[in-house]
2 protein chains.
Amino acid sequence: MRPTDLFAALANATRLRCLLLLLRHGELCVCELTHATGALQPHVSRHLAQLRELGLVSDRREGLWVYYRIHPALPAWALHVLEATAAGVRAQSPFADDAEALAQMPNRPSAPRCA
Amino acid sequence: MRPTDLFAALANATRLRCLLLLLRHGELCVCELTHATGALQPHVSRHLAQLRELGLVSDRREGLWVYYRIHPALPAWALHVLEATAAGVRAQSPFADDAEALAQMPNRPSAPRCA
DNA sequence: GCAATATATACCGTCAAACGAATGTAGTGT
DNA sequence: ACACTACATTCGTTTGACGGTATATATTGC
């Protein structure tokens, strides 16, 4: 994966927030990511498709739901980039409370699962 | 600095290559970056201006030359992102030989300086 | 078959980023 | 003053990304 392609993917707030949520929670379905980010469902779906085409995430269907996760074969340096970003976001950022929004989602299809 | 702003800056090959060269060599002037990347001088200058406005690099003039460096007050997480990228680039990437191109530049205004 | 939910895709308008090329500015030396 | 080098800026154009909206597909249950 070319560095510039990774960074182009991370340059969009919705995509980055989804990736950071996946990094923290391990596996989430589209409706959970939609709720946590507050974005519209078609947007989340399109952004996740981009991340999938880039090899950043993998998906698996389970009934009605499609669960996404950080791609298990993600290059180490790319994972380090994500982790460094997560550390910076924890300190000061508008994305810091996405996890809280997720926790308050009613009718969550999945119990919390950690990486 | 917002994560998405950093990643937007890193999503351009010329900007990323300049940053990685500065990370490795400490301080370089525009003509050195122009030579190492093979880009046109106005492009390099414009991209460096963007990086400066974002707070990613700082500059200082010395005679005819303007030397750029990674901004000394760069947030730790952003520096980690750059270092992780440098590690990934060393393994496999089209930017890996920028440093060699720089070393072969004739009439380099500065002796090699390391961070 | 139908209905309902979750997800994906298609179409369109808009706006920002990037490039090429030309020009402008700053500093040095004569 | 001039010439030369290094660097910066401007302009015009084009391309691609994004959001909004509507619609399509997939799966489950009746």
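What follows draws every value from the coordinates through simple rules; no lab data is involved. Just so you know, these numbers come straight off a predicted model, no measurement behind them. Cβ sites come from the backbone with ideal geometry, for glycine too, and all protein chains shown count toward neighbours.
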Any idea what % of Cα-Cα pairs in the protein assembly as shown are farther than 28 Å?
36 percent
Whole-Hz couplings from phi, Karplus 6.51/-1.76/1.60, listed for the stretch B:55-68; x for Gly and Pro:
x, 7, 10, 10, 10, 8, 8, 9, x, 6, 9, 10, 9, 10
Phi-based couplings in Hz for the stretch B:75-80 (Karplus 6.51, -1.76, 1.60; Gly and Pro marked x):
x, 4, 5, 5, 5, 4
Go through the stretch A:3-12 residue by residue and turn each phi into a ³J(HN,Hα) via Karplus (6.51, -1.76, 1.60, θ = phi - 60°); whole Hz please, and just put x for glycine and proline.
x, 5, 5, 4, 5, 4, 5, 6, 7, 9
Give the separation of the Cα centroids, the stretch B:46-69 to the stretch A:16-92, in Å.
35 Å
Taking beta carbons within 10 Å but only from partner chains, what does the mean come to for residues B:8-17?
4
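Where does chain B land at 222 nm, in deg cm²/dmol rounded to the nearest 500, when only DSSP H runs of n ≥ 4 count, each adding -39500 (n - 2.57), divided by all residues?
-17000 deg cm²/dmol
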Collect residues whose amide H, placed 1.01 Å from N in the peptide plane, falls under 5 Å from the amide H of residue B:29; neighbours closer than 5 in sequence don't count.
B:68
List the distances, in nm to one decimal, from the label point of residue B:87 to the label points of the same position in every other copy, shortest first, placing each label point 7 Å from Cα along the Cα-to-Cβ direction.
1.0
Just going by the charge dipole of chain B, with Lys and Arg at +1 and Asp and Glu at -1 on Cβ, which of B:79, B:51, B:21 is farthest out on the positive end?
B:51
Quick one: label points 7 angstrom along Cα→Cβ at residue A:24, distances to the other copies in nm, smallest first?
3.6
How large is the dipole of the stretch B:3-90 about the Cα centre if only Lys and Arg carry +1 and Asp and Glu carry -1, each at its Cβ, rounded to the nearest 20 debye?
120 debye
